[in-house]
Amino acid sequence: MAPASGIEVENLQRTFKDLTAVDGISFAIEPGEIFGFLGPNGAGKSTTVLMLTTLLPPSGGRASVAGFDVATEGPDVRRHIGAALQEAALDPLLTGREHLRLQASLQGLAKQTRDARTVELLERVGLTDAADRRVGGYSGGMKRRLDLALALVHGPSILFLDEPTTGLDPQSRSDLWEEVSRLARDEGVTVFLTTQYLEEADQLADRIAIISRGSIVAEGTPDALKGEIGRPSLEVVPSDAADRERLAQVLSEFGPATAAPTGAAAVRLEAGADGLAQVVRRLDAEGIGLNTFDLHAPTLDDVFLAKTGERLADEAVA
């Protein structure tokens with residue numbers, strides 16, 4: 001069984017008629033760890049969360065959350081977890097304070113404890129000044145912060161966050177990242193974070209699993225995964241757009257081509273940064289003028305591209 005605040009997943013599957021949404025995935029999450037579940041829309045992230053939070057029965061395999069089986073011990077699982085899913089279930093006519101009091105009541109907290117917990121959580125997520133305003137007038141960032149507070153009312157040992165920052169402005173996203181990091185660091189909360197934002201996974205997660213078409217294709221720390229790629233990429237924009245194809249042909253001598261913005265050419269340098277001087281000499285010999293010449297260290301986007309053949313950044317923007 002999984003540790004008291006950990007998660008174990010073994011050959012977990014979920015099918016919908018002829019569609020296999022989750023195809024036999026396995027992983028383990030240690031107590032107090034932030035585990036990033038990275039993938040594009042439709043990869044199986046949300047389906048996995050629904051199974052682990054007992055909202056959807058698995059079609060096969062097994063999973064234990066906080067030491068309890070998700071298929072046979074649902075009430076025990078739910079007592080130990082908090083969840084902020086993609087769509088926040090908020091009543092626009094209730095205030096933030098009323099939402100938290102209601103949630104505390106549903107969780108069985110005594111009235112004295114209920115009021116103190118409400119005040120504590122409002123302060124924690126930065127909604128004290130807006131506590132008595134109706135939620136219908138909240139911004140998107142405020143609603144996501146309230147949703148996080150609601151998931152924490154009963155003091156769960158495991159927190160599920162399903163794409164918690166989708167649609168948020170940069171400041172709101174940064175504020176939520178800070179709170180999630182604090183929960184894991186200071187309170188030992190285990191966090192299962194699904195996201196399609198590469199920066200979010202890189203900033204927050206202790207370990208990452210990349211899921212594509214229902215299967216896990218890579219797992220490890222962000223640094224280890226980027227280390228597997230190893231070689232940096234070189235992205236060049238010619239000063240004359242007509243030279244782009246000739247530029248790409250020259251660069252291909254130094255490594256395999258990789259995705260590049262319109263008008264640019266890029267390769268993964270076989271010789272690493274040590275080969276830059278030789279690249280410059282070849283381009284000079286060909287008489288190709290340069291507008292920009294940028295060397296990029298491996299990123300999670302490079303990892304995703306190497307493991308799946310797709311760029312997650314493009315998917316997220318789309």
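The values are calculated or read from the model by the stated rules, or taken from the named source; none is laboratory data. Keep in mind that this is a model prediction, so the values were computed, not measured. Cβ placement follows ideal geometry from the backbone for every residue including glycine, while neighbour counts extend to all protein chains displayed.
Before moving on, here are some points about what is shown:
- Any chance THR195 is touching a strand residue (DSSP E or B) at 6+ places or on another chain (Cβ under 8 Å), hydroxyl-bearing (Ser, Thr, Tyr), at pLDDT below 95 and closer than 27 Å to GLN13 by Cβ: yes
- Tally, over the range 112-145, of residues that are in contact (Cβ under 8 Å) with a residue 40 or more places away in the chain, in contact with a strand residue (DSSP E or B) (Cβ under 9 Å, 6 or more places away or on another chain) and either more than 23 Å from GLN86 (Cβ to Cβ) or part of a helix (DSSP H, G or I) (or both): 2
- Any hit, the range 165-172, residues being closer than 25 Å to MET51 by Cβ and touching a helix residue (DSSP H, G or I) at 6+ places or on another chain (Cβ under 8 Å): yes
- Residue that is surrounded by the most Cβ atoms within 10 Å (Cβ to Cβ), among those in the range 176-208 that are over 21 Å from GLN103 (Cβ atoms) and charged (D, E, K, R): GLU200
- Checking each residue in the range 227-272 for being at positive phi and surrounded by 13 or more Cβ atoms within 10 Å (Cβ to Cβ) picks out GLY255, GLY272.
- Here GLN86, GLN112 are screened, and the one residue that is modelled with pLDDT under 95, surrounded by fewer than 18 Cβ atoms within 10 Å (Cβ to Cβ), under 21 Å from LEU168 (Cβ atoms) and of a type outside the set (Lys, Arg) is GLN86.
- When GLU10 is tested against (1) surrounded by fewer than 16 Cβ atoms within 10 Å (Cβ to Cβ); (2) within 22 Å of PRO156 (Cα to Cα), exactly one condition is not met: (2).
- Index of the failed condition, ASN41 passing every other in (1) surrounded by fewer than 19 Cβ atoms within 10 Å (Cβ to Cβ); (2) at pLDDT 95 or above: (2)
- Among the residues of the range 65-87, those identified as assigned to a loop (DSSP other than H, G, I, E, B) and free of Cβ contacts under 8 Å to residues at least 60 places away in the same chain are VAL70, ALA71, THR72, GLU73, GLU87.
- Residue count, the range 186-206 (criterion: outside any strand (DSSP E or B) and either closer than 22 Å to ALA66 by Cβ or aliphatic (A, V, I, L, M) (or both)): 9
- Within the range 149-164, the set of residues being part of a loop (DSSP other than H, G, I, E, B) and either surrounded by 14 or more Cβ atoms within 10 Å (Cβ to Cβ) or within 12 Å of the chain's Cα centre (by Cα) (or both) comprises VAL153, HIS154, PRO156, SER157, GLU163, PRO164.
- Checking LEU234, LEU276 one by one, the residue that is of a type outside the set (Phe, Trp, Tyr), farther than 27 Å from LEU204 by Cβ, in a strand (DSSP E or B) and over 24 Å from the mean Cα position of the chain (by Cα) is LEU234 and no other.
- Flag if SER64 is under 20 Å from the mean Cα position of the chain (by Cα), surrounded by 15 or more Cβ atoms within 10 Å (Cβ to Cβ), farther than 20 Å from LEU152 by Cβ and of a type in the set (Gly, Ala, Ser): no
- Filter result for LEU109 (farther than 19 Å from PRO156 by Cα, in a loop (DSSP other than H, G, I, E, B) and among the hydrophobic types (A, V, I, L, M, F, W, C)): no
- Among the candidates GLY167, GLY220, the residue that is under 16 Å from the mean Cα position of the chain (by Cα), surrounded by fewer than 22 Cβ atoms within 10 Å (Cβ to Cβ), over 30 Å from THR95 (Cβ atoms) and in contact (Cβ under 8 Å) with a residue 12 or more places away in the chain is uniquely GLY220.
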